[in-house]
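Have a look at the structure below before the remarks.
Nothing in this text is a laboratory measurement; each read-out follows from the coordinates by a stated rule. In this text, all values refer to a predicted model and were calculated from it rather than measured experimentally. Virtual Cβ from ideal backbone geometry, glycine too; neighbours counted across all protein chains shown.
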């Protein structure tokens, strides 16, 4: 899939706090419709990103940025959805991505961050 083919709308949004098993979490989610390993989750109250992952074969294709954009679209349309914000716990790849996508970046907590990808 090329960058040009990516659209935030192609990802599924799951709002936290509902009654289905997927919604019982404290985290809103953005999921790729076909690849279970490609997803993003952020806390429904703080907005702090808990995880953002892409399947290995989908890396460096703009998936994480498309999920970030989709999450911000949902927050813009729905007052019950807090927009995601970057966490201080970021892998090396996650830190590079966070700098590239922008937004407020808290200082990275190196003691608690995964560093095997640096």
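Fully extending the segment from residue 44 to residue 26, taken as 0.36 nm per residue of separation minus the present Cα-Cα distance, adds 5.9 nm. When 43, 86, 99 are arranged by Cβ crowding within 10 Å, least crowded first, meaning fewest neighbours, the order is 99, 43, 86. Pairs of Cα atoms nearer than 8 Å and 6+ residues apart set the relative contact order; for the chain it is 19 percent.
First check a/c for the chain, with a ≥ b ≥ c the square roots of the eigenvalues of its C-alpha gyration tensor; if it is under 1.5, answer rounded, and if not, answer prolate when a/b is larger than b/c or oblate otherwise. Verdict is oblate for the chain. Helical runs assigned H by DSSP (4 residues or longer) give the chain a calculated mean residue ellipticity at 222 nm of -6500 deg cm²/dmol, each run adding -39500 (n - 2.57) before division by the residue total.
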